[in-house]
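Heads up: the structure comes next, in structure tokens.
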Amino acid sequence: MDTSRASWRNTTHDWAGTVDLGHLSDIRRHPAVFAPGGTLHLVLEVVAYAADEAECGGGGHCRVTLHPDGSVSVADDGRGTDTRYDEHGQVVRKPVMATKDLRFFDFPEARTLPDGHPRRGMSVVAALSDRLVHTNRRRNGSWTQRYERGVPVTGLEPVADDGTTGTVVHFHPGEHLAPTGRSAGDIARLATAWPRLAVDVRG
């Protein structure tokens with residue numbers, strides 16, 4: 001797509017913005033509100049997007065890896081995060097990490113995650129992580145970007161296509177977040193709430 005960004009229809013996020021510093025700051029000030037249960041809730045926030053992709057595609061797979069350094073990666077085989085070219089030929093990726101999810105963030109009653117707490121969106125994960133790397137592979141190109149506490153610290157960096165599509169979110173939760181319930185068994189059990197998504201938990 002090579003059209004004016006102003007003409008792009010907003011569905012889950014506002015294409016007009018790239019970083020909402022006030023939004024991210026608000027999340028960081030209230031971690032107990034936005035990530036009740038700590039790291040487990042963040043994992044479910046990410047897996048929920050993989051479940052969205054699985055619903056759209058009639059099924060999908062997701063791998064959750066708990067790394068020894070306390071970080072978590074979630075990889076799915078969906079379409080990859082929507083990435084477009086604007087009228088200036090600039091690459092623009094839907095700002096899922098640094099702006100609010102228009103469907104959920106201001107409407108906590110809209111949907112709950114399998115832990116029983118409101119779904120707020122991926123920006124909660126980014127804001128409450130010391131660092132996060134978002135890699136997406138789409139048919140029109142593949143890109144990676146690094147964030148610190150929700151703020152991008154690199155631009156979109158191209159990565160070599162490997163013939164697949166999907167998204168990988170690798171995040172390291174802030175030290176102030178409780179690791180309680182972060183076991184592979186807890187994640188696998190809760191993930192059964194998404195019947196169209198097959199979840200493999202490692203670590």
Checklist entry - Picking from R131, R137, R120, R146, which residue would you name as being among the charged types (D, E, K, R), in contact with a Phe, Trp or Tyr (Cβ under 6 Å, 6 or more places away or on another chain) and modelled with pLDDT of 95 or more? => result R120
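Here is a yes/no grid of residues against (1) open to solvent by less than 80 Å² (accessible area, probe 1.4 Å); (2) among the β-branched types (V, I, T); (3) assigned to a strand (DSSP E or B); (4) over 15 Å from G70 (Cβ atoms):
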site: R146; (1), (2), (3), (4): no, no, yes, yes
site: T154; (1), (2), (3), (4): yes, yes, no, yes
site: L177; (1), (2), (3), (4): yes, no, no, no
site: P195; (1), (2), (3), (4): no, no, no, yes
site: D200; (1), (2), (3), (4): yes, no, yes, yes
Checklist entry - Mind checking which pairs have a first residue in region 8-29 that is among the aliphatic types (A, V, I, L, M) and a second that is part of a loop (DSSP other than H, G, I, E, B), Cβ under 6 Å, 6 or more apart or different chains? => result V19/A98; L24/G150
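If you go through region 157-167 one residue at a time, do you hit one that is under 18 Å from the mean Cα position of the chain (by Cα), charged (D, E, K, R) and more than 19 Å from P31 (Cα to Cα)?
We begin by selecting, within region 157-167, every residue under 18 Å from the mean Cα position of the chain (by Cα); these are 157, 165-167.
With charged (D, E, K, R) added as a condition, the list becomes 157.
In the following step, the residues that additionally are more than 19 Å from P31 (Cα to Cα) were identified as 157.
Yes, there is a match, as at least one residue in region 157-167 is under 18 Å from the mean Cα position of the chain (by Cα), charged (D, E, K, R) and more than 19 Å from P31 (Cα to Cα).
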Item to check | Close pairs from region 114-126: first among the hydrophobic types (A, V, I, L, M, F, W, C), partner open to solvent by 10 Å² or more (accessible area, probe 1.4 Å) and assigned to a helix (DSSP H, G or I), Cβ under 7 Å, at least 6 apart | outcome: M122/Y49; V124/F34
Checklist outcome for this item: Note on region 124-142: residues open to solvent by less than 10 Å² (accessible area, probe 1.4 Å) and under 13 Å from the mean Cα position of the chain (by Cα) are V124, V125, A126, A127, L128, S129, L132, H134, N136
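Looking only at strands (runs of 3 or more DSSP E) that lie completely in region 50-123, which have at least 1 residues being within 18 Å of V169 (Cα to Cα) and open to solvent by 10 Å² or more (accessible area, probe 1.4 Å)? Give the derivation first.
On the way: elements: 60-66, 72-76, 83-86, 91-93.
Counting at least 1 such residues, we get 60-66, 72-76, 91-93.
Part of a strand (DSSP E or B), under 17 Å from K94 (Cβ atoms) and in contact with a His (Cβ under 9 Å, 6 or more places away or on another chain): does that describe H134? If you could, list the steps in order and put the result at the bottom.
Working: part of a strand (DSSP E or B): yes; under 17 Å from K94 (Cβ atoms): yes; in contact with a His (Cβ under 9 Å, 6 or more places away or on another chain): yes.
For H134, the condition - part of a strand (DSSP E or B), under 17 Å from K94 (Cβ atoms) and in contact with a His (Cβ under 9 Å, 6 or more places away or on another chain) - is met.
The values are calculated or read from the model by the stated rules, or taken from the named source; none is laboratory data. Being a predicted model, the structure only gives us computed values, none of them experimental. Every residue, glycine among them, receives a Cβ derived from its backbone with ideal geometry; neighbour counts consider all protein chains shown. Note: areas computed on protein heavy atoms with side chains; ligands, DNA, RNA excluded. Shrake-Rupley method; radii C 1.70, N 1.55, O 1.52, S 1.80 Å.
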